[in-house]
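Here the structure comes first, spelled out in structure tokens, and everything after it is commentary.
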Amino acid sequence: MEKTDISSMTRQELAEYLAASGEKKFRAAQLFSWIHGKQATAFDQMSNLPKDFRKRLAQTAELTVPEAVRVQVSKIDGTSKYLFRLADGNVIESVLMHYHHGNSVCISSQVGCAMGCRFCASTIGGCVRSLTAAEMCGQVYRIAQLSGSRVDSVVVMGSGEPFENFENFCRFVEILNDPEGYNLSRRSITVSTCGIVPRIRELADRGTQVTLAVSLHAPNDEIRRKLMPVARRYSVDEILDACRYFFEKTGRRVSFEYSLAAGINDTPACADELAERLKGFPCHVNLIPVNPVRERTIRQSAASDIQAFKRRLEKHGVNVTIRREMGRDIDGACGQLRKSYLDGPGSSEESNKQAEE
């Protein structure tokens, strides 16, 4: 008999599931708290639930618990990168970053990615499947357990396009935010998208108070198409219109991710055009020095060019920061750890050298 994935259920759905089985209504809150508040990994751990109830659960339901198969810790800044194996054998990666304002975890929303961005390792090999809400929550819970520290913010910016897994992403936000569970504020959750316009608008209509980060990476369609195949589906104008709609509906400032690639999108003309596009829009630009990816030819912009780009945007009144590079010595670029693992021993000498099981 196929078991039910109760870890992906909201508290209301869990109550309905138990009621259909003839269980008492208050058991749902207890069970939800064990799964998402205490992050139990087995029914036997749920000590305040009757043994016969736990036995019935074990026969008909299952808990989603990703298994950590590799952990790499940066000697530079303490960033930790986790490779998790899922129940079907697929592997995904997540990152724990330490900031002065708390611990931030970057999670994956899909196994692989279909977006095809030219500077990203996640998309090599395409998308295998989308993750369930439980598999997304599980990355947060397992990192909190393995690191022994509370996760203060979550960034859905790992492998995958979250808006190609939209319903599971929204369910993930609801579960993670539930006061009977992990109780993480929606405002502490950031979702990064390549610019799936209909989903940006739908998220706005739902009034979800998360932070929206859009991977823009270019000031115009011509340059963006060189870097991102998705640019053939949605123009920069369409994306910016959707972002303004999101701001109007939610009051949440939008962040624009801009990976600087040498000789492609890092010129003074690009900075001026970007500033003109964003003129009058209360947003933030996050400049990202491209992380080197062995399988890609795109190079990181020179430090002087990155600083010059930033100064030019600031001169035009654009709110801008340069993302701090983290985990560069542990296959820091998104998708690298998973790829080196799938390629087998010897494919990433540096990864194996830095790995700490």
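Laboratory data are not the source of any read-out in this text; all were calculated from the coordinates shown. Predicted, not measured: the structure shown is a model, and the values here were computed from it. Cβ coordinates were reconstructed from backbone atoms using ideal geometry, including for glycine residues, and neighbour counts include every protein chain displayed.
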Between D241 and K51, Cβ-based FRET efficiency (R0 45 Å, step 0.05) works out to 0.20
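Just the projected area, averaged over all directions, of the convex hull on the alpha carbon atoms of the range 231-308: how many nm²?
Values: hull surface 25.0 nm².
Computed as one quarter of the Cα hull surface, the answer is 6.3 nm².
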Binning every alpha carbon pair distance of the range 30-73 at 5 Å from zero, what are the percents per bin?
5, 21, 28, 21, 9, 8, 5, 3, 1
What is the percent of Cα-Cα separations in the range 4-62 that go past 13 Å?
57
Hey, what angle do you get for helix 236-250 against the long axis of the chain, alpha-carbon based, 0 to 90 degrees rounded to 10?
50
At a 10 Å Cβ-Cβ cut-off, how would you order D44, D221, fewest neighbours first?
D44, D221
My understanding is that a pair violates if its Cα-Cα distance is over 27 Å; which of K81/K279; K249/K279; K3/K51; K55/K81 do that in this structure?
K81/K279; K55/K81
Quick one: order D152, D88 by neighbouring beta-carbon count within 10 Å, fewest to most.
D88, D152
Global form of the range 1-130, assessed from the alpha-carbon gyration tensor, a/c cut-off 1.5:
prolate
Net charge near L86 (other residues with Cβ under 10 Å of its Cβ; Lys, Arg +1; Asp, Glu -1) is -1
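Determine, from the Cβ-Cβ distance of R323 and K24 and an R0 of 41 Å, the FRET efficiency 1/(1 + (r/R0)^6), rounded to the nearest 0.05. Write out the running numbers ahead of the final one.
On the way: r = 49 Å, r/R0 = 1.20.
In this case the efficiency is close to 0.25.
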Over the chain, volume per residue of the alpha carbon convex hull, in Å³
141
If you average the C-alpha positions of the range 9-48 and of the range 218-268 separately, how far apart do those two centres end up, in angstrom?
42
Suppose a student asked you for the relative contact order of the chain, using Cα pairs under 8 Å spaced at least 6 residues apart; what percent would you report?
16
1/(1 + (r/R0)^6) with r = Cβ-Cβ of D152 and V69, R0 = 30 Å, i.e. FRET efficiency to nearest 0.05, evaluates to 0.75
With a ≥ b ≥ c from the Cα gyration tensor eigenvalues, square-rooted, and the rule rounded for a/c under 1.5, otherwise prolate when a/b > b/c and oblate otherwise, the range 82-129 is oblate
